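Let me begin by presenting the structure, written as structure tokens, before commenting on it.
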Amino acid sequence: MKVYVRAPYEEACLAELKELFDEVVYEPWTTTGQRYYEDEMLEHLLAVQPDALITELDRVTEKVLAGYDRLKFIGDCRGTPANLQVDACTKAGVPILCTPGRNTQAVAEMVVGLILTMYRKTIPAIQWVQDGKWVQGTTPYYLWMGHELQGKKVGFVGFGAISHAVAKILDGFECDISFYDPFLPGDQGHYRKKSLEEIFSESDIVTLHLPVTDSTRGMITEPLLRSMKKTALFVNAARSAIVDYTALEKVLREEAIAGAIIDVLDTEPPTEADLAIGKCPNVLLTPHICGATYEVTDHQSRILNERIKKWLRGEDMEKIVYNRDVLKK
């Protein structure tokens, strides 16, 4: 089998792929910084003629699969295959192997770091110094006084792997942690299960960590946002489609809540309309980088290699194949 690797891959794991398969063509998107959209993806598949594809950002659509029908599986170095048309892959009989948990630690560390950055007003304080405003007679100690994270009530919406990793870090700050997750039956150790309404009305910090599904799309509404404390902080490092951003911008501009940390926008790169929320003075906007660390490449490579080896052996197929309906074909 020939494998076409379009995702960045850890060196030892790439060597392992070369032992598992007859030929490995390694052309990661990081070489040029460009992902392939459907026309480019189809063009390169036809040129390389692989039996399997390992990707991360490239678009694989019905058009791609109709134009190239030799793929035995697709390895997608993402927690969920947002870059693939899953239904089209299933229809074409192509199993998808993903890498859940690849960026768990990266996101967790960044979320806590951003909360601390905003609580302590670090960025504007640095800019104040660089702008030459620290002069005789100023009192930065009082001017840039912020808040401590210790003892704050933190509410999670969704309590999967990333939320647990964030909570573990926050335990070191002695935070009071609760969560909303309809898929968990009750409290998880000292983490208390609450209703969505309780999470928003009672928390000092509300942080989202859940995927976009039919049930989560648009679930964070204006009434929920307005139920938050005036001193509360809202964090979205999950997906923009979960939140009514028009309502969030309105709430922020009215200073109905203290502020927001946002890592995801409706359109990326953003339009002027998307950037409007980032221009609110009480918003810390990052360009979808919470999961961006060099170590994530190592994690995704190891996770995918383990799943590929199981696929080759026919083991745990119900667990490792994302589009499990393909197994019925």
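When the Gaussian network model of the chain links Cα atoms closer than 10 Å, the mean-square fluctuations of 161, 125, 92 top out at 125. The relative contact order of region 177-249, computed from alpha carbon pairs under 8 Å that lie at least 6 residues apart in sequence, is 31 percent.
Distance from the C-alpha centroid of region 104-120 to that of region 252-304: 12 Å, rounded to the whole angstrom. Computed over region 238-284, the percent of Cα pairs more than 15 Å apart is 37.
Once backbone amide H atoms are built at 1.01 Å from N, residue 188 has 193 as its partners under 5 Å, excluding neighbours fewer than 5 places away on the same chain. The angle between the Cα long axis of helix 161-171 and the main principal axis of the chain comes to about 30°, on a 0 to 90 degree scale. Among rounded, prolate and oblate, which fits region 1-66 when a ≥ b ≥ c are the square roots of the eigenvalues of its C-alpha gyration tensor, a/c under 1.5 means rounded, and a/b larger than b/c means prolate? Judged from the Cα gyration tensor, region 1-66 comes out oblate (a/c at least 1.5, b/c at or above a/b).
Take every pair of alpha-carbon atoms less than 8 Å apart whose residues are at least six positions apart; their mean separation over the length of region 66-130 yields a relative contact order of 31 percent. Here the Debye sum runs over all C-alpha atoms of the chain as equal scatterers in vacuum, and log10 of I(q)/I(0) at q = 0.10, 0.14 Å⁻¹ comes out as -0.68, -1.14. In region 5-128, Cα pairs under 8 Å separated by at least six residues give a relative contact order of 19 percent.
Per residue, the accessible area of the chain comes to 50 Å², computed with a 1.4 Å probe over protein heavy atoms only. Top mean-square fluctuation among 289, 242, 277, Gaussian network model of the chain, C-alpha springs under 10 Å? Evaluated over the chain, the most mobile residue of the options is 289. For the chain, the share of accessible area belonging to carbon and sulfur comes to 52 percent (1.4 Å probe, ligands and nucleic acids excluded).
Would you please classify the overall shape of region 144-302 from the alpha carbon gyration tensor, given that a ≥ b ≥ c denote the square roots of the eigenvalues, rounded means a/c under 1.5, and beyond that prolate means a/b larger than b/c while oblate covers the rest?
In terms of gyration-tensor shape, rounded.
Result for the chain in a Gaussian network model with C-alpha springs under 10 Å: among 292, 273, 258, the largest mean-square fluctuation is at 273. State the answer as a single residue: which of 42, 286, 165 lies farthest towards the positive end of the charge dipole of the chain, with beta carbon charges of +1 for Lys and Arg and -1 for Asp and Glu, about the Cα centre. Farthest along the dipole direction, towards plus: 165. Descending by average beta-carbon neighbour count within 10 Å, the peptides 93-105, 32-44 line up as 93-105, 32-44, the highest first.
The values are calculated or read from the model by the stated rules, or taken from the named source; none is laboratory data. None of the values given here were measured: they were computed from a predicted structure. Note that each Cβ is placed from the backbone with ideal geometry, even for glycine, and that neighbours are counted across all protein chains shown. With ligands, DNA and RNA removed, areas are computed over all heavy atoms of the protein, side chains included. Shrake-Rupley method; radii C 1.70, N 1.55, O 1.52, S 1.80 Å.
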